[in-house]
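Quick notes on the structure that follows.
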Amino acid sequence: MANLEIVDVSHAYGPKKVLNNVNLRVGAGQVVALVGPSGCGKSTLLRAILGTHPPQSGQVLVGEKVVDGPTRDVGIVYQHYSLYEFLTARQNVAFGLMLDQTSLPFRVFNYFAWRKLRKQHLEQADEFLKKVGLYAARDQYPSEMSGGMRQRVAIAQALIMQPSVLLLDEPFGALDEATREELQLMLLQLYAENVRARSENRVPPYTVVIVTHELNEALFVSDRVVGLSQYHADGANGATIVYDRPAPIFTPDDEKDLSRFVEQKEELIQCVFSPTVQKDHLNYITFWKEHEKHPTTSGADV
Ligand SMILES: Nc1ncnc2c1ncn2[C@@H]1O[C@H](COP(=O)(O)OP(=O)(O)OP(=O)(O)O)[C@@H](O)[C@H]1O
Ligand SMILES: [Mg+2]
């Protein structure tokens with residue numbers, strides 16, 4: 001079963017055609033990097049997946065259900081994600097569970113049951129703070145945290161809801177280089193959990209679509225790179241998927257060897273970002289074909 005399916009999605013803002021017949025299937029446990037020229041419609045596509053802005057035509061399915069509004073099945077973290085300033089890290093992370101599982105009358109009239117549930121939520125929040133490497137700072141308020149710490153809390157806040165798909169829209173774009181690398185490693189830790197789950201015949205827990213401008217980052221953290229671009233034969237009608245190939249897989253202990261990216265980066269620049277290079281995109285939309293040939297090189301389960 002695919003965790004995410006985008007079927008013939010097109011979208012325009014007034015006369016401006018942005019998305020042109022986008023199709024994509026993402027399996028459980030995949031980390032997909034979505035890249036493309038600025039303004040090509042990456043955020044528009046994420047909003048369609050999130051359900052806040054349904055596409056004008058086509059469908060998005062998450063866990064086989066058609067998305068027709070926001071649900072807890074899809075989580076999102078933006079570049080400037082706001083936390084609740086009056087809550088500590090663990091309270092911020094637990095907050096979504098509380099809203100989801102209790103109502104105000106429940107909290108008032110079942111005070112002791114509520115206290116117990118609250119304790120469970122905070123314990124779960126601690127688990128997710130451990131996953132993002134922030135357990136030691138669990139009692140700090142956002143004003144006491146660095147930008148990198150705040151993004152870790154935001155990601156834990158999204159993960160605790162156990163979404164079928166987590167969307168990250170340039171999540172590390174505002175961070176300095178060193179912090180950015182630390183957060184990339186955090187994503188590799190999550191991916192390592194997927195690999196472990198798969199080896200134990202469990203469903204891998206994290207399915208991620210990450211938008212980034214940085215091609216090294218895209219190739220480092222993902223197991224699959226998808227290019228969205230208006231530079232194709234029917235580009236006047238908007239951007240579509242012009243590239244879809246496996247990315248090299250890294251574990252958190254591997255060296256970030258940039259030489260492994262050189263060839264594929266050049267391929268992406270030509271295929272996705274260049275307005276002038278002539279290309280036959282079908283030659284670059286080969287993820288599932290390549291996956292069938294080498295099923296161990298990436299994490300797809302469908
Ligand atoms: N609400 C809106 N109303 C009108 N036009 C919009 C709206 N949102 C986005 N657009 C336009 O649609 C196009 C796609 O925007 P979108 O934000 O999806 O691109 P993007 O690929 O995420 O860009 P970036 O890489 O700069 O974040 C842009 O030309 C943008 O100006
Ligand atoms: Mg954007």
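The values are calculated or read from the model by the stated rules, or taken from the named source; none is laboratory data. Because the structure is a prediction, the values reported are computed rather than measured. Neighbour counts run over all protein chains shown; Cβ positions are idealised from the backbone, glycine included. Heavy atoms of the whole protein, side chains included, go into the accessibility calculation; ligands, DNA and RNA do not. Shrake-Rupley method; radii C 1.70, N 1.55, O 1.52, S 1.80 Å.
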Practice problem: Could you figure out which of (1) touching a residue at least 24 places away in the same chain (Cβ under 8 Å); (2) among the aromatic types (Phe, Trp, Tyr); (3) farther than 30 Å from Val35 by Cβ isn't true of Tyr135? | Solution: (1)
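Tally the residues that are surrounded by 20 or more Cβ atoms within 10 Å (Cβ to Cβ) and not aromatic (Phe, Trp, Tyr), restricting the search to the stretch 247-258. Step through it out loud before you land on a result.
The first filter runs over the stretch 247-258 and keeps only residues surrounded by 20 or more Cβ atoms within 10 Å (Cβ to Cβ), leaving 247, 250.
Those left that are additionally not aromatic (Phe, Trp, Tyr): 247.
Final tally of qualifying residues: 1.
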Self-check item: Which numbered condition Asn20 misses (of (1) touching a helix residue (DSSP H, G or I) at 6+ places or on another chain (Cβ under 6 Å); (2) assigned by TED's automatic domain parsing to the domain that holds Glu123; (3) open to solvent by less than 30 Å² (accessible area, probe 1.4 Å))
Solution: (2)
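Can you find, within the stretch 214-236, the residue that is surrounded by the fewest Cβ atoms within 10 Å (Cβ to Cβ) among those that are assigned to a helix (DSSP H, G or I) and at pLDDT 95 or above? If you could, list the steps in order and put the result at the bottom.
Start the filter on the stretch 214-236 by keeping residues that are assigned to a helix (DSSP H, G or I), which leaves 215-221, 235-236.
Among the residues that remain, those that are also at pLDDT 95 or above are: 215-221.
On the way: Leu215: 19, Asn216: 15, Glu217: 23, Ala218: 25, Leu219: 23, Phe220: 25, Val221: 25.
The residue in question is Asn216.
Listed here are the residues, each with its yes/no results for (1) part of a helix (DSSP H, G or I); (2) in contact with a Ser or Thr (Cβ under 9 Å, 6 or more places away or on another chain); (3) among the hydroxyl-bearing types (Ser, Thr, Tyr).
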residue	(1), (2), (3)
Leu117	yes, yes, no
Gln120	yes, no, no
Gln162	no, no, no
Arg180	yes, no, no
Leu183	yes, no, no
Leu190	yes, no, no
Arg196	yes, no, no
Tyr206	no, no, yes
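The rows are residues; the columns are (1) β-branched (Val, Ile, Thr); (2) farther than 26 Å from Pro163 by Cβ.
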| position | (1), (2) |
| --- | --- |
| Val208 | yes, no |
| Val221 | yes, no |
| Asp234 | no, yes |
| Pro246 | no, no |
| Asp254 | no, yes |
| Glu267 | no, yes |
| Lys279 | no, yes |
| Phe287 | no, no |
Quiz item: If the Cβ limit is 7 Å and pairs must be 6+ apart or interchain, which residue in the stretch 39-57 that is under 9 Å from Val9 (Cβ atoms) and in the same structural domain as Tyr13 (by TED's automatic domain parsing) pairs with which residue that is part of a helix (DSSP H, G or I) and of a type outside the set (Ser, Thr, Tyr)?
Solution: Pro55/Ala48
Quiz item: Considering the stretch 62-82 alone, what residues qualify as being within 15 Å of Leu168 (Cβ to Cβ) and buried (at least 18 other Cβ atoms within 10 Å of the Cβ)?
Solution: Val74, Gly75, Ile76, Val77, Tyr78, Tyr81
